[in-house]
Amino acid sequence: AHSHIRGLGLDEKTLEPLDQAEGLVGQKAARKAAGIILRMIKQGKISGKGILIAGEPGSGKTALATAMA
């Protein structure tokens, strides 16, 4: 599922979401939040091994999780 997704589609420096990038379109606020969380985990500022993504069916949770992997 979602094999076309290769990342969150964010600007590397600012973490601002691009309109259409790496297989993702839309969900700009969620993509930016995910990027911030990932950066904090990589920098050791957040401990833990996972995050919970919640929302309505069809809102892009699985696509977002795939992009974060």
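Remarks
- The set of residues in region 57-69 that are open to solvent by less than 50 Å² (accessible area, probe 1.4 Å) and not in a helix (DSSP H, G or I) comprises SER59, GLY60.
- All positions within region 12-25 that are open to solvent by 60 Å² or more (accessible area, probe 1.4 Å) and modelled with pLDDT of 85 or more: GLU12, LYS13, THR14, GLU16, LEU18
- Candidates in region 26-56 are the residues that are without any contact (Cβ under 8 Å) to a residue 12 or more places away in the chain and within 21 Å of HIS4 (Cβ to Cβ); of these, the one that is most open to solvent (accessible area, probe 1.4 Å) is LYS28.
- Taking the numbered list (1) part of a helix (DSSP H, G or I); (2) open to solvent by 90 Å² or more (accessible area, probe 1.4 Å) in turn, HIS4 passes all entries but (1).
The values are calculated or read from the model by the stated rules, or taken from the named source; none is laboratory data. Keep in mind the model is a prediction, meaning the values are calculated, not measured. For neighbour counting, all protein chains shown are included, and Cβ atoms are generated from backbone atoms with ideal geometry for every residue, glycine included. Calculation scope for accessible area: heavy atoms of the full protein, side chains included, ligands and nucleic acids excluded. Shrake-Rupley method; radii C 1.70, N 1.55, O 1.52, S 1.80 Å.
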